[in-house]
Structures are given as structure tokens and as C-alpha cells.
Amino acid sequence: MIISIRERLISKRLVYLFVVISILLFYSWIYFVKDDDWLRMVGASIFTIVGGTVGFILLYRTYRYIQSREKYFWLLLCCGVFFYISSNFVWFCFLVATGKPLYPNVSSYLWLVSYLFFLGALIYMSQIISMYVTNSHYVFNIVVFITIANAVSVQYFIDSILEFGGNVLSISFKTLAYPMLSLSIMFVTTTLYFLSKRSRIRKQLKFIIIVFYLQILADAIFVYNNIQGSYDLGGYIDPLWLLAILFKGSASLDIQPNQPIPEVKEITYEKTKGTIFPYLGIIFLLILVILNNEWEVNALNIGICILFLLVIVRQFTIMKQNDHLMSEYRFLAYHDPLTLLKNRASFKLELAQMMESAEKKHHTLALLLIDLDRFKMINDTLGHHIGDNLLVLSAKRLKDTLPSSNEIYRLGGDEFTIIIPNTNPNNCIITAEKILEEFSKPFVIDEYEISITPSIGISTYPNNGTNADELMKNADAAMYLAKANGKNNFQFFNSELNRQLERKVAIEHGLRKALEENELSLYYQPKVDLHSGRIIGSEALLRWNHPEFGLISPNEFIPIAEETGDIAAIGDWVLQTACKQNRKWQKMGFPFLTIAVNVSARQFQQQDFLKKIHTGLQEIGYSPKLLELEITESIMQNIKESTEMLKSLKATGIKTAIDDFGTGYSSLFILKELPIDTIKIDKAFIDDIKEAGDYSMVRTIINMGLNLNLEVVAEGIEDEFQAEVLAKNQCNYGQGYLYSKPVQAHEFEQLLIEGLKKDSYHTV
């Protein structure tokens, strides 16, 4: 059912007008026929039935109108109004049939049923909102309040009314039910107010809460007058009940379709009040017991006993829950939630304890660090669900393979550790070989058959470390050696590995001051036209002259620089130095040549990478068209971000080239989509060009590049035969030792001068 905003506004105005007119006419009727009991009650029942029917229609319309789960709140209110109308209809029929100014028992019971539905509606709405608040022991609060209401009602109301005689069972039930239900509605309404106090739903419920307080007021006046014997059917209280019904119906007009219950924000003051209510009620009842000063069995004494029992049961339940939660927290603090193995915290704690025990007993302790090979690729290609299952099954295999004396831990990701107490190298070898053998069997997960291998690094106490950190560091170094040796094997930490580790640490520390100490330098290798031998450009290559180790290969220190993050500063320096040098050559009168600079994947992914290039080129006064950035195929792992960056570079005139093409992640489709200018064929393919050899792979790469309108450059050309084959297959450009090894700037100038003498330069 779709209702426009305009229609809803008109409906609201008509309903409010109907409410005002109905209540005014109701009170007028009571006033003018106050001396005729029968006529007054007939009019009261007719007004109530007609007005209640309007409220019922409005509530039912809202129930049908909205689709979210609070629709059942309006349905319960609707049912309550239906029984309210039914109660008054039975009363009306009784008046017409008998002419007696009485309220029949059937009407009373129908009225009570309507109150039960109203109470149910309020509890339902409170439960929905309390889902978004921390657990507030809502049921306990309700039981406590109803117990208090029962005790007070029996002690002060029912005993008073029973003095007038009558059917004890009937009077007891009705007189108990009215105040009990009314008080319960008051309690739940108040709780609902506090639950929704910081929520946007408060606006929607504020009117409903006021309406129920109006109903509670009418009930209180009725109970008081009933006890005093001054209540008249069809009196001045009856319009208040009708007003509450009409307001419930009109409140539903503000409800939007499919409007969710908004999440309640963090509650502090309100949440505390909600918790304190039942205890305040218990104190109130205890005060009444003391003031009553009657220690025989009565309603108040029974009520206070029930409440104390409830409190004891609740506290016992809370204690049990807390013990259970503490056990869970303790377990989670020292165990991995995925594999249920012990975690890093347990590992550190227990390794220290085992090392202390081994020292006292003069035993040897071994640490095995296991890393699953190619796990990231499986995780990325098959999804994290498969990856998680693989870790669980791997943990199970390790537990099934090893004896119970060996402790297994998951440190995080795909890394596991095993501590073997009181052992020797032979036992370590047996354990590692068992693990490798078990992992040689494929894992079956869903419909996939997955083969994965472990690389294992082994360090021992006290030979390879005297503390936990040192032992772990050395096991990690041994594990990386196992990976470097082809994976799926194990390696012990040894003195040679220790020397490699020390060298790596020294290089890592040295990198941080290499720029400041002017230890870095650039060498330049010419890029030539294979047909004419002309120099058409150069590639800037980084070199590091370490004060202790001498010249260090970029293949050794660049990966370390990427690990430490120093690559960003080094990359900026290389770019600036290469462009400044080329600008210097231009000013010296040499031809305008393009210079190529290698850029790491980490550097390429920096957010301010493009901005830094623009700023640097502007400061130097260098043309972007004479700069070529060489990137590796690894950038294709983040194809979306890489494509955007390449497009931005191309828009400024900077050229881009894929270096070492054919050894990484390239695919023809991705290559077609990337806005690059050049591909550089990796040296490994050029080395295969030999007399009577197969050149099909090189030929395919060249043809693919040319078909995509890319410039193709061959790297690592070392003899004339390779150059001739490449030229015949339409590879026009190349570089390698055949033409020149990488040389310093002044040596490159000599190459340019020799070229000038031959008048064989190609200018841009």
C-alpha cells in the first residue's frame, strides 16, 4: 500500500479533528445525561465502539502499510484495540438486552485481554530496541516488577475489596489483574523510554509513551474510585480511555514504510537506570514489609522472599556466565581462533620457560619454523575461505604427524612453529622429513585438490641463540634459505647463514646513510639502434660502493631497501640525479636523448609519486618527453591502480616501459589494456639466441609488441649474431655489452663524442 505525503498529511488532520470532536461530544453527552444511568452508559458504549473502530482501522492500516519487523508492534496494538471494542460491544448488547446499568464479567475479561496485548506490544518493541543495547537482563526486570505489583495489589487492594463480599475467585482475579497489568504497562513504558532515549526512534515512540501514561492515569483513577466505591460506569474517566485508543491510532500515521529501528548509540546514564530499577523495587517492597510490621505469612512477605530468591538465582547465573566468559577469554588469549593451535603469546611464554628448563638440565632445544610455500597465491586465486580451510587442515596434519611432546603454534598467516624439547639434530631431521612427507599428499577442499609444500627453518638452543628472539630470528633466516634453495625442504641455521644474516643487517644499516655519505652513484648504459648502431638513449643504473663490502649488486641491496622503505628516498635521488645529468649533457651540446630510470613497485604505488616527479622535473627544467620510467611486470597485480597511474604519466608526456618482459605476470589482454610505450625483452630470452637455435619465443614476443604498436628493446645483447637475428626479426633497439657495459657519466660522454665524430646520432 503506497500513500503519498500529501495524503498522509490530510489523513492526520482529519484524524486529529475527529479525535477532538469525539472527546468533546463524549464529555458533553456525559454531562447532559448524567442523571440517567442507562442512557449515559449506552452513549458511552456507542462513543467507545465508534472511536475504537477508527483507532483499530488506523492501526491495522499501519500494520499492512509497513514491511519492517516493527509491523508486529502495530499488529499487537491493533489486537488490543479489537478486544477493547469487543468488551464495549458486549457491554452495549447487555445494556440493550437487560436494561441494567451493570458491566458484565465477559466485558471485564475482554478488557483484560486487550491490556495483555498492549503489554505484549510494548515488550516486543522494547526487545527490538534492546538488541542494539548491551544485554540488560530485561526479563529479570519484568519478573521483579510483576512480583512487586502482585504483592502490593494483594496486600492493599484485594484485601480491601474482599471485605465487601462477593465471589472471592472472580473478584480476586479481576482486582489483581487490573492494577498488575496497569503497573506492568507503566514499567515497560518507562523502560522503553530509557531504552530509546538516545535513538532517533524516540520521536516515533514519544507520542505512544505519552498515550500509555494517559491510559495508566485513567486506570489509577478507576482503581482508586473503585476502592472508594465512587466509580460510575460511563463516567468522566471513560473518555480518557477512548482518547488513549484514538491517540494510539493517530500515532501510527507518522510511521514511514520500511523504516528500520535505528541503532541505539552507546548508553551510559540510561543503561544504569534500567539496571537499578529492579533493585529499587526490592528496597521499596522491603520498606513496606518493615512498615507493615506483620511477620506472619502475607503477600508482602511472600513477595520479598520470591524477590530475594530471584536475586540469588540471578547472581549465581551471572557468576556462572562470568566463569564461562573468563574461560573463553583465557583460551582465546593463548590460542589461535581459526586452527585452535596455541598462538604467538603462548609461543613466547612457553619458549622462554622451555629454554630456562633446558638450561638447568643442560638439554638441547630445537625450534622449527614452517612457512607454507605459495599460500598467498592460493589465498588470492581461490579465496580466503579456501585459504582458511587449508590452514585448518595443515594444522591438523601437523598435530597428527608429531608426538604429543612437541608443541605446535600458529604465529599468524601461514607460519607455524614447533618446539622440540630435549632433542638432537638427528631427531630434528626425522621430524622435518615427516612433515615434508605428510605435505606431499594433496589437500582436498570443496571441489579443489590443492598441493602445497612447506619450507622449514631450524635453529637450536643454545647453539643458535641464547634467548627467544635470537632463536626465532635464526630459524627465520634458515627458513628463507630453504625457500631460496627451491622450497619444500628444510635448512639448519649455520655459521655461513649467520654471516649472510650479518651482511644483510650491515647493508640494511648502511642504506640509511648511503645517500648522506655519497656512497651511491649512477652508471649509464647506452640504448642503440640495431640497424645503424646509433645511440638513441641511455638507462641509468644504480651502484653502491659500500665502505666495507665494496661494490654491492643492486640485486642484493634493492630488495632490502624495499623491505625497509628506504627505496622511496633512493628512488627520488636516482630520478633527480639522472635527469640533472641528462640536462647537463644537453647544455654541453650533446643531442637530446631519452634517459630511462628504473622504478620499484613500492615506489610506483606511492600516492604522491606523480606529484613528486612533476615537482622535480619543474625544478630541474627537464622535459617530461625525454624521461622513460621502467617498471616491472609485478605492477600488474594491482592492475586497476597501475593503469590509472600509467594514464596520468602518459598524459604528461612521460614514457613508460615494462622491464624484464616475459618473466612475470604478463598476459596479452592486460598488456593490451596498459597504456605503456615500450617492452624490454628479458636477457634470459636473448641468451637463447644461438647459431642453429630456436628463436620462436623471441620472435613471438617481438611480433606481439609490434602488433600492439609498442617499441621493442632487447636487453643483454652480447654478440653480433644476436644483434643480427633481432634486427632481422624487426627488433629495432637494444642494449648490452656488445655496445657498452654500464659506465660512469664521464665515460658515457666519451661514447657520445665518438658518436658525434661519426656523425651518427639520432636526435629527438
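The values are calculated or read from the model by the stated rules, or taken from the named source; none is laboratory data. What you see is a predicted model, and the numbers here were worked out from it, not measured in a lab. Positions of Cβ are generated from backbone atoms using ideal geometry, with glycine treated the same way; all protein chains shown enter the neighbour counts.
Which condition from (1) modelled with pLDDT of 85 or more; (2) farther than 21 Å from Tyr231 by Cβ; (3) of a type outside the set (Asp, Glu); (4) under 51 Å from the mean Cα position of the chain (by Cα) is the one that Leu25 breaks?
Result: Leu25 fails condition (4) only.
Out of all the residues in segment 461-492, which are in a loop (DSSP other than H, G, I, E, B), touching a helix residue (DSSP H, G or I) at 6+ places or on another chain (Cβ under 6 Å) and either surrounded by fewer than 22 Cβ atoms within 10 Å (Cβ to Cβ) or modelled with pLDDT of 90 or more (or both)?
Gly465, Asn489
Within segment 262-285, does at least one residue satisfy the condition of being surrounded by fewer than 16 Cβ atoms within 10 Å (Cβ to Cβ), at pLDDT 75 or above and either in the same structural domain as Cys78 (by TED's automatic domain parsing) or not polar (S, T, N, Q) (or both)?
Within segment 262-285 (the criterion being surrounded by fewer than 16 Cβ atoms within 10 Å (Cβ to Cβ), at pLDDT 75 or above and either in the same structural domain as Cys78 (by TED's automatic domain parsing) or not polar (S, T, N, Q) (or both)), the answer is no, since none of the residues qualifies.
Name the residue that is farthest from Leu671 (Cα to Cα), counting only residues in segment 681-710 that are of a type in the set (A, V, I, L, M) and out of contact with any strand residue (DSSP E or B) (no Cβ under 7 Å at 6 or more places or on another chain).
That would be Ala692.
What tally of residues in segment 521-549 results from selecting those that are surrounded by 20 or more Cβ atoms within 10 Å (Cβ to Cβ) and without any contact (Cβ under 8 Å) to a residue 60 or more places away in the chain?
Number of matching residues: 3.
Given the residues Phe56, Phe145, Phe140, Phe118, which is the only one that is part of a helix (DSSP H, G or I), surrounded by 21 or more Cβ atoms within 10 Å (Cβ to Cβ) and at pLDDT below 85?
Phe145
For segment 651-675: of the residues being assigned to a loop (DSSP other than H, G, I, E, B) and modelled with pLDDT of 90 or more, which is surrounded by the most Cβ atoms within 10 Å (Cβ to Cβ)?
Filtering first and then ranking leaves Ile654.
Let's see how each residue does on (1) modelled with pLDDT of 85 or more; (2) of a type in the set (Phe, Trp, Tyr); (3) loosely packed, with under 13 Cβ neighbours inside 10 Å:
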site	(1), (2), (3)
Asn707	yes, no, yes
Val713	yes, no, no
Leu751	yes, no, no
His762	no, no, no
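Filter segment 521-551 down to the residues that are of a type outside the set (Val, Ile, Thr), more than 15 Å from Val597 (Cα to Cα) and touching a strand residue (DSSP E or B) at 6+ places or on another chain (Cβ under 7 Å) and list them by number.
Result: Asp529, Leu530, Arg534, Trp544, Asn545, His546, Leu551.
Of the residues Leu233, Leu217, which single one is buried (at least 16 other Cβ atoms within 10 Å of the Cβ) and closer than 20 Å to Ile30 by Cβ?
Every option except Leu233 fails the conditions.
Among the residues of segment 550-572, how many are of a type in the set (Ser, Thr, Tyr) and in contact (Cβ under 8 Å) with a residue 40 or more places away in the chain?
Here the count works out to 1.
Which one of the conditions (1) surrounded by fewer than 14 Cβ atoms within 10 Å (Cβ to Cβ); (2) touching a Ser or Thr at 6+ places or on another chain (Cβ under 8 Å) does Ala366 fail to meet, given that it meets all the rest?
(1)
Can you tell me how many residues in segment 415-437 are charged (D, E, K, R) and in contact with an Asp or Glu (Cβ under 9 Å, 6 or more places away or on another chain)?
Of the residues in that region, 1 qualify.
Working only within segment 29-50, note down all residues that are free of Cβ contacts under 8 Å to residues at least 24 places away in the same chain and either over 10 Å from Pro239 (Cβ atoms) or charged (D, E, K, R) (or both).
Tyr31, Phe32, Val33, Lys34, Asp35, Asp36, Leu39
Which one of these does Asp380 not meet: (1) surrounded by fewer than 16 Cβ atoms within 10 Å (Cβ to Cβ); (2) modelled with pLDDT of 90 or more; (3) among the charged types (D, E, K, R)?
(2)
It is to be established whether one or more residues within segment 713-728 are farther than 22 Å from Glu630 by Cα, part of a helix (DSSP H, G or I) and of a type in the set (Val, Ile, Thr).
yes
For the structure I just gave you, tell me whether His324 is within 27 Å of the chain's Cα centre (by Cα), at pLDDT below 80 and either among the β-branched types (Val, Ile, Thr) or in a helix (DSSP H, G or I) (or both).
Yes: the conditions hold for His324.
Restrict the check to segment 497-506 and report whether at least one residue is touching a Leu at 6+ places or on another chain (Cβ under 8 Å) and at pLDDT 85 or above.
No, the conditions are met nowhere in segment 497-506.
Looking at Phe94 and the list (1) farther than 22 Å from Thr189 by Cβ; (2) buried (at least 22 other Cβ atoms within 10 Å of the Cβ); (3) touching a Ser or Thr at 6+ places or on another chain (Cβ under 8 Å); (4) not charged (D, E, K, R), which single condition is not satisfied?
(2)
Only one of these is on the phi > 0 side of the Ramachandran plot and either not aliphatic (A, V, I, L, M) or not assigned by TED's automatic domain parsing to the domain that holds Gly249 (or both): Gly99, Gly80. Name it.
Of the residues listed, the single one that is on the phi > 0 side of the Ramachandran plot and either not aliphatic (A, V, I, L, M) or not assigned by TED's automatic domain parsing to the domain that holds Gly249 (or both) is Gly99.
Which members of segment 685-712 meet the condition of being part of a strand (DSSP E or B) and either among the aliphatic types (A, V, I, L, M) or free of Cβ contacts under 8 Å to residues at least 24 places away in the same chain (or both)?
Val712
Being in the same structural domain as Val597 (by TED's automatic domain parsing) and within 19 Å of Ala657 (Cβ to Cβ) is the requirement here; does Ile558 meet it?
Criteria met by Ile558.
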